[in-house]
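Input: a single structure, listed below in structure tokens.
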Amino acid sequence: MQFSSKEDIDAPVDTVFAALSEFEAFERSAIRRGIEVRRVDEDLNTIRAGMAWDAAFDLRGKRRDLHLKLCDYEAPSNMRFESESFGLIGTLTIDLVALSPKRTRMGMVLHLAPKTLSARLFLQSLKLAKSNLTKRFKQKTADFAKSIETGRPRRL
């Protein structure tokens, strides 16, 4: 299953990439929502490919564990994250293209694939609500893009 969104942002590509690279702010935002987040890579002070987090949260009445890893980090053009949780593999790719010195196109693609039968059944249930989920994904991306334009980045 795949979700994708493209947004044009009235901000330089470096500004957009910097907002997307504020991982500590994303961590705090997740913690405020009741998600347990812990960074598990070796160098906690450097932003680079190889950064990883473990998270735990409740979903559909069950405790879920998620492992998230930043696989590609090429400033200021792209990031790629891979995650695994309860038999579900996720890949989030974020691409930035400078349209002009003060305008950037941000493309996000989230791909979900099952590894287990229960994950396959979970994805089947999501497919029933795909249009609603796609709309929410695009709206969250648009809200984040708008917040970068106003200079107050919100968390996704």
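So, of the residues in segment 46-57 that are in contact with a helix residue (DSSP H, G or I) (Cβ under 9 Å, 6 or more places away or on another chain) and not in a strand (DSSP E or B), which turns out to be nearest to E74 (Cα to Cα)?
If we take residues in segment 46-57 being in contact with a helix residue (DSSP H, G or I) (Cβ under 9 Å, 6 or more places away or on another chain) and not in a strand (DSSP E or B), then I47 is nearest to E74 (Cα to Cα).
Within segment 83-91, is even one residue out of contact with any Phe, Trp or Tyr (no Cβ under 8 Å at 6 or more places or on another chain), buried (at least 17 other Cβ atoms within 10 Å of the Cβ), of a type in the set (S, T, Y) and modelled with pLDDT of 95 or more?
Yes, because at least one residue in segment 83-91 is out of contact with any Phe, Trp or Tyr (no Cβ under 8 Å at 6 or more places or on another chain), buried (at least 17 other Cβ atoms within 10 Å of the Cβ), of a type in the set (S, T, Y) and modelled with pLDDT of 95 or more.
Considering D14, D43, which residue is farther than 23 Å from S125 by Cβ and outside any helix (DSSP H, G or I)?
Every option except D43 fails the conditions.
How many residues does segment 109-140 hold that are closer than 15 Å to Q2 by Cβ and either among the small types (G, A, S) or touching a Lys or Arg at 6+ places or on another chain (Cβ under 8 Å) (or both)?
Of the residues in that region, 4 qualify.
Any residue in segment 42-54 that's farther than 14 Å from E82 by Cα: show its pairings with residues that are of a type outside the set (A, V, I, L, M, F, W, C) and in a loop (DSSP other than H, G, I, E, B) at Cβ separation under 8 Å, as long as the two are six or more apart or on different chains.
Taking only residues 6 or more apart or on different chains, the pairs are I47/S21.
I'm checking my understanding of the structure. Among residues of segment 116-156 that are out of contact with any Leu (no Cβ under 8 Å at 6 or more places or on another chain), of a type in the set (S, T, N, Q) and surrounded by 14 or more Cβ atoms within 10 Å (Cβ to Cβ), which one is nearest to T15 (Cα to Cα)?
Restricting to residues being out of contact with any Leu (no Cβ under 8 Å at 6 or more places or on another chain), of a type in the set (S, T, N, Q) and surrounded by 14 or more Cβ atoms within 10 Å (Cβ to Cβ), the top hit is S147.
Just the residues that are within 15 Å of I148 (Cα to Cα) and touching a Leu at 6+ places or on another chain (Cβ under 7 Å), please, taken from segment 9-58.
V13, V16, F17
The values are calculated or read from the model by the stated rules, or taken from the named source; none is laboratory data. Please read all numbers here as calculations on a predicted model, not as lab measurements. Here Cβ is always computed from backbone atoms with ideal geometry, including for glycine, and neighbour counts include all displayed protein chains.
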